[in-house]
Amino acid sequence: MAEGALEGVRVVDLTRVLAGPLCAMWLGDMGADVIKVERPGSGDDTRAWGPPWAGTEAAYYLGVNRNKRSLTLDLGQARGLEILRDLIRGADVVLDNFKIGTLDRWGLTDDWYEAEAPAAVRATISGYGSTGPKAAMPGYDFILQAETGLMAITGEPDGESMKLGVAIVDVCTGMLAAMSVLGALTARQRTGKGQRIELSLHDTGLQMLANVAANHLVSGADAVRYGNGHPNIVPYRTYPAADGELAVTVGNDTQFARFARVVGCERWASDPRFARNADRVANRDVLDGLISDRLATRTRAEWIPDLEADGIPCGPINSVAEALASPQTVARSMVATVEHPTAGELALTGVPFRMFGTPAAVRRPPPTLGQHSREVLTGELGLDDAALAALVAAGVTTLE
């Protein structure tokens, strides 16, 4: 397999659950050697988050931990911390999502890094960051979706606030973490120094408000929910076709004129209520009602080819099963199959980015707990069999 962009980069992954593991996984997809440090006996919390299970492994864990090696270490013991420090001395990147202050209590302070691992890039993910009145609080995606306003703008206008169906703040925090790590590695080429990076679910959630935050900061008006509609663009929502829902987006006035022609209502484009986007936003309820009535006269399979032929973005509301089995998903290899040591043939989501010079790939299946303890402790740290036996006897590590 061709070398990835991060070939030769070693990542010590001290994270668990979702945001941090996703960041580490994407770095692994790009070829980094990711060593996932886990608690002996239980490991990452998500190893127990089943059903469903693939053999004895929880699907949740499997979905976000490929391209890693698993090392078990009891960091509550002095010897476990000593081994961790040795690992960090040889690492390029260290990821953690411990509570603020945990690493300092373990002696892994800024001064320690400056003296022992000055080239390491270390990224900490927390709920609220290291400053502010909630800095000491743990972070949970659901709570942060609520606190950052995301739930307030999600759901039907007259319905209850609603979270997204996945832990989207965690996912986006993982993306931002990977992006910032790559930036720090690039800066290191220029400066020769690593740096500390801080990310919080809180800050990510606010950034995800995007244009909705900009609307409020400019106008002073609070945001409201539009269901599947858009605060700035109309038509841009789901509409009922004869056999199910159809998503339609019309981004400008020229496109709206084409849309009106395709659906057989060309007069809409010259109607002063709808001619410009600002007019359509002001009269969204009227226009949405007219569009709903018109699209309900035909099936999605009848509308979609006509709309797409005229450059109108549209699509059916697929189930997750339909999305993962779609021809586009197959063509993009967005479901990958790997051989897992206990689960057998395992389907995972594929790599969501293409790098044609240094390909990203699924190089390793998600590891079983402690699968690579012996390999890491002997290969990277040079411990012999007697030292390994002593560590196992003391409960510092486990070996498969």
- Restricted to the stretch 259-280 and to residues being hydrophobic (A, V, I, L, M, F, W, C) and surrounded by fewer than 16 Cβ atoms within 10 Å (Cβ to Cβ), the residue farthest from the chain's Cα centre (by Cα) is Ala275
- Please enumerate the residues belonging to the stretch 351-371 that are over 19 Å from the mean Cα position of the chain (by Cα), open to solvent by less than 60 Å² (accessible area, probe 1.4 Å) and among the small types (Gly, Ala, Ser). Gly370
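Per-residue answers, yes or no, for (1) farther than 18 Å from Gly229 by Cβ; (2) within 33 Å of the chain's Cα centre (by Cα); (3) exposed (fewer than 13 other Cβ atoms within 10 Å of the Cβ); (4) at pLDDT 95 or above:
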{"residue": "Ala282", "(1), (2), (3), (4)": "no, no, no, yes"}
{"residue": "Thr299", "(1), (2), (3), (4)": "yes, no, no, yes"}
{"residue": "Ile312", "(1), (2), (3), (4)": "no, yes, no, yes"}
{"residue": "Val320", "(1), (2), (3), (4)": "yes, yes, yes, yes"}
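So which residues in the stretch 45-58 are touching a residue at least 40 places away in the same chain (Cβ under 8 Å) and touching a strand residue (DSSP E or B) at 6+ places or on another chain (Cβ under 9 Å)? Can you show your working first?
Taking the stretch 45-58 as the starting set, the residues that turn out to be touching a residue at least 40 places away in the same chain (Cβ under 8 Å) are 47, 54-57.
Within the stretch 45-58, Arg47, Ala54, Gly55, Glu57 qualify.
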- Query: Scanning the stretch 118-136 for residues that are aliphatic (A, V, I, L, M) and in contact with a helix residue (DSSP H, G or I) (Cβ under 9 Å, 6 or more places away or on another chain), which turns out farthest from Ala167 (Cα to Cα)?
  - Reply: Ala119
- Item | Every residue from the stretch 110-119 that is part of a helix (DSSP H, G or I), open to solvent by 40 Å² or more (accessible area, probe 1.4 Å) and touching a residue at least 24 places away in the same chain (Cβ under 8 Å) | Asp110, Glu116
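Determine, yes or no, whether Ala336 is in contact with a Leu (Cβ under 8 Å, 6 or more places away or on another chain), within 29 Å of Pro51 (Cα to Cα) and open to solvent by less than 70 Å² (accessible area, probe 1.4 Å).
Yes; evaluated as a whole, the condition is true for this residue.
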- Query: Are any residues in the stretch 192-233 aliphatic (A, V, I, L, M), within 19 Å of Leu176 (Cβ to Cβ) and over 20 Å from the mean Cα position of the chain (by Cα), and if so, which ones?
  - Reply: Val212, Ala213, Ala214
- Message: Given the criterion under 19 Å from Phe256 (Cα atoms), free of Cβ contacts under 8 Å to residues at least 60 places away in the same chain, touching a Cys at 6+ places or on another chain (Cβ under 6 Å) and open to solvent by less than 40 Å² (accessible area, probe 1.4 Å), identify the matching residue among Leu295, Leu307.
- Response: Leu307
- Counting only residues in the stretch 120-155 that are open to solvent by 20 Å² or more (accessible area, probe 1.4 Å) and among the hydroxyl-bearing types (Ser, Thr, Tyr), the one nearest to Gln207 (Cα to Cα) is identified as Tyr128
- Message: Tally up the residues in the stretch 141-155 that are in a loop (DSSP other than H, G, I, E, B) and in contact (Cβ under 8 Å) with a residue 60 or more places away in the chain, please.
- Response: 4
- Query: Tell me, which helices (runs of 4 or more DSSP H) wholly within the stretch 40-109 include 1 or more residues that are open to solvent by less than 10 Å² (accessible area, probe 1.4 Å), modelled with pLDDT of 95 or more and of a type in the set (Ser, Thr, Tyr)?
  - Reply: 59-62
- Note on the structure: Among residues of the stretch 156-190 being charged (D, E, K, R) and either without any contact (Cβ under 8 Å) to a residue 40 or more places away in the chain or not in a helix (DSSP H, G or I) (or both), the residue least open to solvent (accessible area, probe 1.4 Å) is Lys163
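The values are calculated or read from the model by the stated rules, or taken from the named source; none is laboratory data. Not measured: the values here are computed from a predicted model. Every residue, glycine as well, gets a Cβ built from its backbone with ideal geometry; the counts of neighbours run over all protein chains shown. Each accessible area value is taken on the protein alone, full model and side chains, heavy atoms only, with ligands, DNA and RNA left out. Shrake-Rupley method; radii C 1.70, N 1.55, O 1.52, S 1.80 Å.
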